[in-house]
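Worksheet: one structure, shown below.
The values are calculated or read from the model by the stated rules, or taken from the named source; none is laboratory data. Note that the structure is predicted; figures quoted are calculated from it, not measured. As a convention, Cβ positions derive from the backbone with ideal geometry for all residues, glycine included, and neighbour counts pool all protein chains shown.
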Amino acid sequence: MDYSEIQFFSVRRFKGAFFIDAPEMMTLFWTKHVESAAWFCPDKECVVSIVLDILFQVKAFHLVAIGSVKEVLFEPREILRPAVALSGANCVVLHNHPRGDATPSHDDVLITWRLIRAGQILGIPIVDHVIIGENCHYSFRENQPDLFGSTRQQDACSEEQHCLLGA
């Protein structure tokens, strides 16, 4: 049998130390590493997934999608794929708003909620989703921390599993 290697996506492995634990560090990473990438287009929305290790050091980052001047389409699986492939412990999502205003749209809120839930299921927490504007940013963790908390349904499932395990 012949086997061939299939490359599913391109990931930029990160060499060097870059510790990300706050939105300001995420914004700095965007400025230093994403904006300087050959594929970056400041006139279009770009979404980047950053894979972190257990100590919140950057392992790699991946361009997920490039959209239009007002929107970009992507799914949680596309964000989390590099983290799964590289055994990432955490994940950060960054995207820009070319118009300069970092205020999230309704769709930004919905996809953030879906990302957080997908990360919980896979055991790869979404540390934050940060929208980069012109000289500003919006951190979902800072501004909408309830999105990152547990839901009543998850608490009920945990209690049910706890009871089923006889603990």
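Just a few scattered comments:
- Under the condition of being among the small types (G, A, S) and part of a loop (DSSP other than H, G, I, E, B), the residues counted in the stretch 105-134 number 3.
- The residues in the stretch 20-34 that are surrounded by 13 or more Cβ atoms within 10 Å (Cβ to Cβ) and not aliphatic (A, V, I, L, M) can be counted, and the count is 6.
- Within the stretch 91-146, the only residue that satisfies the criterion of being small (G, A, S), surrounded by fewer than 15 Cβ atoms within 10 Å (Cβ to Cβ) and over 21 Å from P42 (Cβ atoms) is G123.
- A single member of S150, S158 is of a type in the set (S, T, Y), in a loop (DSSP other than H, G, I, E, B) and at pLDDT below 95, and it is S150.
- Close pairs (7 angstrom Cβ cut-off, 6 or more residues apart or separate chains): of a type in the set (A, V, I, L, M, F, W, C) in the stretch 97-112, exposed (fewer than 14 other Cβ atoms within 10 Å of the Cβ) anywhere: A102/C136
- Residue within the stretch 67-86 that is over 20 Å from E35 (Cβ atoms), in contact with a Phe, Trp or Tyr (Cβ under 7 Å, 6 or more places away or on another chain), modelled with pLDDT of 95 or more and not basic (K, R) present: no
- First in the stretch 113-124 and under 10 Å from F148 (Cβ atoms) and among the aliphatic types (A, V, I, L, M), second anywhere and modelled with pLDDT under 95 and surrounded by fewer than 20 Cβ atoms within 10 Å (Cβ to Cβ), Cβ under 7 Å, 6 or more apart: I116/L147; I116/F148
- Residues of the stretch 47-58 that are surrounded by fewer than 19 Cβ atoms within 10 Å (Cβ to Cβ) and not polar (S, T, N, Q): D53, I54, L55, F56.
- Tally, over the stretch 26-69, of residues that are charged (D, E, K, R) and free of Cβ contacts under 8 Å to residues at least 24 places away in the same chain: 2
- Among the residues making up the stretch 38-79, those that are over 12 Å from L94 (Cβ atoms), touching an Asp or Glu at 6+ places or on another chain (Cβ under 8 Å), among the hydrophobic types (A, V, I, L, M, F, W, C) and not in a strand (DSSP E or B) are F56, V69.
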